[in-house]
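Data block below; observations after.
The values are calculated or read from the model by the stated rules, or taken from the named source; none is laboratory data. Please read these numbers as outputs of a predicted model, since none were measured by experiment. Methodologically, a virtual Cβ is constructed for each residue, glycine included, from the backbone with ideal geometry; neighbour enumeration extends over all protein chains shown. The protein model used for the area step is the full one, side chains on, heavy atoms only, and it has no ligands, DNA or RNA in it. Shrake-Rupley method; radii C 1.70, N 1.55, O 1.52, S 1.80 Å.
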Amino acid sequence: MTPTGEEITASVPVSAPMRAAKVRAATEHTTVGQVTTTPDGRVTITCACGMTLTNGPTWSLDEHIRLHRAEARFLALAAVAPAGIPRLVAWPLAQDVSSPA
(Lines give C-alpha, C1' and ligand atoms only; values in the text may rest on other atoms or scores of the structure.)
Protein backbone atom coordinates (compact mmCIF):
# COMPACT_ATOMS: atom_id res chain seq x y z
CA MET A 1 0.00 0.00 0.00
CA THR A 2 1.37 3.44 -0.94
CA PRO A 3 1.41 6.00 1.89
CA THR A 4 -0.61 9.16 1.47
CA GLY A 5 1.00 12.60 1.41
CA GLU A 6 -0.28 13.17 4.94
CA GLU A 7 1.40 9.97 6.20
CA ILE A 8 4.67 10.86 4.47
CA THR A 9 4.68 14.36 5.98
CA ALA A 10 3.95 12.95 9.45
CA SER A 11 6.87 10.51 9.21
CA VAL A 12 9.52 13.11 8.29
CA PRO A 13 11.43 14.10 11.43
CA VAL A 14 11.22 17.79 12.25
CA SER A 15 15.00 17.98 12.27
CA ALA A 16 15.33 16.80 8.64
CA PRO A 17 14.76 20.29 7.16
CA MET A 18 17.22 21.74 9.66
CA ARG A 19 19.87 19.14 8.76
CA ALA A 20 19.34 19.88 5.06
CA ALA A 21 19.62 23.64 5.72
CA LYS A 22 22.90 23.14 7.58
CA VAL A 23 24.35 21.10 4.71
CA ARG A 24 23.13 23.66 2.15
CA ALA A 25 24.77 26.50 4.10
CA ALA A 26 28.05 24.60 4.34
CA THR A 27 27.98 23.87 0.62
CA GLU A 28 27.09 27.42 -0.43
CA HIS A 29 29.70 29.05 1.81
CA THR A 30 33.01 27.40 1.02
CA THR A 31 36.08 29.39 0.16
CA VAL A 32 37.13 29.30 -3.49
CA GLY A 33 40.40 30.16 -5.18
CA GLN A 34 43.54 31.14 -3.37
CA VAL A 35 44.34 33.63 -0.66
CA THR A 36 45.58 36.87 -2.20
CA THR A 37 47.32 39.84 -0.67
CA THR A 38 46.04 43.31 -1.51
CA PRO A 39 48.41 46.24 -2.14
CA ASP A 40 47.68 47.56 1.36
CA GLY A 41 48.73 44.23 2.95
CA ARG A 42 45.32 42.70 3.71
CA VAL A 43 44.70 39.06 2.81
CA THR A 44 41.49 38.00 1.09
CA ILE A 45 39.71 34.95 -0.28
CA THR A 46 36.38 34.63 -2.04
CA CYS A 47 33.40 32.66 -0.75
CA ALA A 48 31.30 30.58 -3.13
CA CYS A 49 28.43 32.99 -2.37
CA GLY A 50 30.43 35.82 -3.98
CA MET A 51 31.46 37.70 -0.85
CA THR A 52 35.13 38.57 -0.46
CA LEU A 53 36.40 37.65 2.99
CA THR A 54 39.33 39.63 4.38
CA ASN A 55 41.31 40.29 7.49
CA GLY A 56 41.03 43.61 9.28
CA PRO A 57 42.75 45.74 11.86
CA THR A 58 41.54 43.58 14.76
CA TRP A 59 40.53 40.25 13.13
CA SER A 60 42.24 37.57 11.08
CA LEU A 61 41.09 36.12 7.77
CA ASP A 62 40.40 32.87 9.62
CA GLU A 63 38.11 34.69 12.07
CA HIS A 64 36.22 36.32 9.18
CA ILE A 65 35.78 32.94 7.47
CA ARG A 66 34.51 31.36 10.70
CA LEU A 67 32.07 34.20 11.38
CA HIS A 68 30.81 34.15 7.78
CA ARG A 69 30.13 30.40 7.92
CA ALA A 70 28.47 30.69 11.35
CA GLU A 71 26.19 33.49 10.12
CA ALA A 72 25.32 31.45 7.02
CA ARG A 73 24.40 28.45 9.20
CA PHE A 74 22.34 30.66 11.52
CA LEU A 75 20.38 32.21 8.65
CA ALA A 76 19.74 28.83 7.01
CA LEU A 77 18.67 27.13 10.25
CA ALA A 78 16.57 30.05 11.46
CA ALA A 79 14.70 30.13 8.15
CA VAL A 80 13.52 26.51 8.50
CA ALA A 81 13.12 26.28 12.29
CA PRO A 82 9.73 25.08 13.48
CA ALA A 83 7.17 27.78 14.18
CA GLY A 84 7.00 28.74 17.83
CA ILE A 85 10.48 27.52 18.74
CA PRO A 86 12.01 29.84 21.37
CA ARG A 87 14.75 32.06 19.94
CA LEU A 88 17.55 34.28 21.19
CA VAL A 89 17.23 36.51 18.09
CA ALA A 90 13.90 37.88 16.88
CA TRP A 91 12.91 36.24 13.58
CA PRO A 92 12.48 37.19 10.86
CA LEU A 93 15.30 39.70 10.99
CA ALA A 94 14.32 43.34 10.49
CA GLN A 95 16.50 43.66 7.37
CA ASP A 96 17.75 41.28 4.71
CA VAL A 97 21.26 40.29 5.75
CA SER A 98 21.43 37.19 3.58
CA SER A 99 23.06 38.94 0.64
CA PRO A 100 26.50 40.50 0.75
CA ALA A 101 26.63 44.27 1.00
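Some notes on this structure:
- Any hit, the stretch 77-87, residues being part of a loop (DSSP other than H, G, I, E, B), more than 17 Å from Gly33 (Cα to Cα), in contact with a Lys or Arg (Cβ under 9 Å, 6 or more places away or on another chain) and at pLDDT 95 or above: no
- Under the condition of being touching a helix residue (DSSP H, G or I) at 6+ places or on another chain (Cβ under 9 Å), assigned to a strand (DSSP E or B) and of a type in the set (S, T, N, Q), the residues counted in the stretch 26-55 number 3.
- Those residues of the stretch 61-87 which are open to solvent by 50 Å² or more (accessible area, probe 1.4 Å) and either hydroxyl-bearing (Ser, Thr, Tyr) or free of Cβ contacts under 8 Å to residues at least 24 places away in the same chain (or both), in sequence order: Asp62, Glu63, Arg66, Leu67, Phe74, Ala83, Gly84, Ile85, Pro86, Arg87
- Pairing residues of the stretch 41-56 that are closer than 15 Å to Ala72 by Cα with residues that are part of a loop (DSSP other than H, G, I, E, B), at Cβ distances under 7 Å and at least 6 apart in sequence or on separate chains, gives Cys47/His29; Ala48/His29; Ala48/Thr30; Cys49/His29; Cys49/Pro100; Gly50/Pro100; Met51/Pro100.
- Yes/no for Val35 being over 22 Å from Leu93 (Cβ atoms) and modelled with pLDDT under 95: no
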